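The values are calculated or read from the model by the stated rules, or taken from the named source; none is laboratory data. It should be emphasised that the depicted structure is a prediction, and the values quoted were computed from it without experimental measurement. A quick note on method: Cβ atoms are made from the backbone with ideal geometry, for glycine too, and the neighbour counts reach across all protein chains shown. Accessible surface areas use protein heavy atoms only, side chains included; no ligands, DNA or RNA. Shrake-Rupley method; radii C 1.70, N 1.55, O 1.52, S 1.80 Å.
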Amino acid sequence: MGSRTAADTRDRIVTAAMAEFAQYGIAGARVDRIAKEARTSKERVYAYFRSKEDLYAFVARQELTVVAAASRMDPTDLPGYAGRIFDFFLSHPEHHRLVAWGRLELGDNAPAPDDPLMAAVKDKTEQLRKAQEDGYLDPSWDPFDILPLVHQIATSWATQPELAHVVKEQARTPDTAARRAAVVRAVQLLFPATTRNETASQ
């Protein structure tokens, strides 16, 4: 019973921290607000997590796992991957804010050796490199250029939510489906979904 209660408390802390960091960032987040929302004490929060930064790192690692599972990168179909990223952040804008705060506040600081974002980047870059070697992806691109370009295009609307108001008034096709189609088409033009035979015949 005690271990179940402890796990429930920890889960409430993580859930509350997710909302707090997404709204206020790392510097603006307050552990006392997290504790209040989690229906526990500030001391209990620090019993599970050594510092506010340690708590953010845990939450960010968990969120990156959720994003990765929802988007699933297929190096032979980057347009589809971009579409899934678009869909996820459209439905979960708080996830994008959480990651964006971390990037903004951590800035140029060297990441920790076990940083989950760096591990994800290395893994996806290797997948892209392997796809190039196997003839599924244009080898003239540097994999370290492909990944940020696809991500920037896929998250372009998540990073500029203020444009949604302009779109409603001025876009030729103002609905979300048109924005998603534009994202997928842009990535398709740069990195077309293909098969090995199609690539070899070009």
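Observations, loosely collected:
- Condition met for M18 (hydrophobic (A, V, I, L, M, F, W, C), closer than 29 Å to K130 by Cβ and under 17 Å from the mean Cα position of the chain (by Cα)): no
- Those residues of segment 64-87 which are within 12 Å of the chain's Cα centre (by Cα) and open to solvent by less than 20 Å² (accessible area, probe 1.4 Å), in sequence order: S71, A82, I85, F86
- Restricting segment 15-43 to residues that are in a helix (DSSP H, G or I) and among the charged types (D, E, K, R), the residue that is least open to solvent (accessible area, probe 1.4 Å) is E20.
- Listed by first and then second residue, the pairs with beta-carbon distance under 9 Å, at least 6 apart or on different chains, first residue in segment 80-96 and within 11 Å of I153 (Cβ to Cβ) and assigned to a helix (DSSP H, G or I), second open to solvent by 30 Å² or more (accessible area, probe 1.4 Å) and of a type in the set (F, W, Y), are F86/W157.
- Taken over segment 172-188, the criterion of being farther than 14 Å from G80 by Cβ and open to solvent by 50 Å² or more (accessible area, probe 1.4 Å) is satisfied by R172, T173, P174, D175, T176, A177, A182.
- Some residue of segment 6-14 being of a type in the set (A, V, I, L, M), open to solvent by 80 Å² or more (accessible area, probe 1.4 Å) and over 28 Å from T159 (Cα atoms): no
- Helices (runs of 4 or more DSSP H) lying entirely in segment 108-202 (those with 3 or more residues that are modelled with pLDDT of 80 or more): 116-133, 143-154, 176-190
- For R50, the test of being outside any helix (DSSP H, G or I), without any contact (Cβ under 8 Å) to a residue 24 or more places away in the chain and more than 11 Å from the chain's Cα centre (by Cα) is passed.
- Note on segment 125-161: among residues that are among the aromatic types (F, W, Y) and buried (at least 17 other Cβ atoms within 10 Å of the Cβ), the one that is farthest from R179 (Cα to Cα) is Y136.
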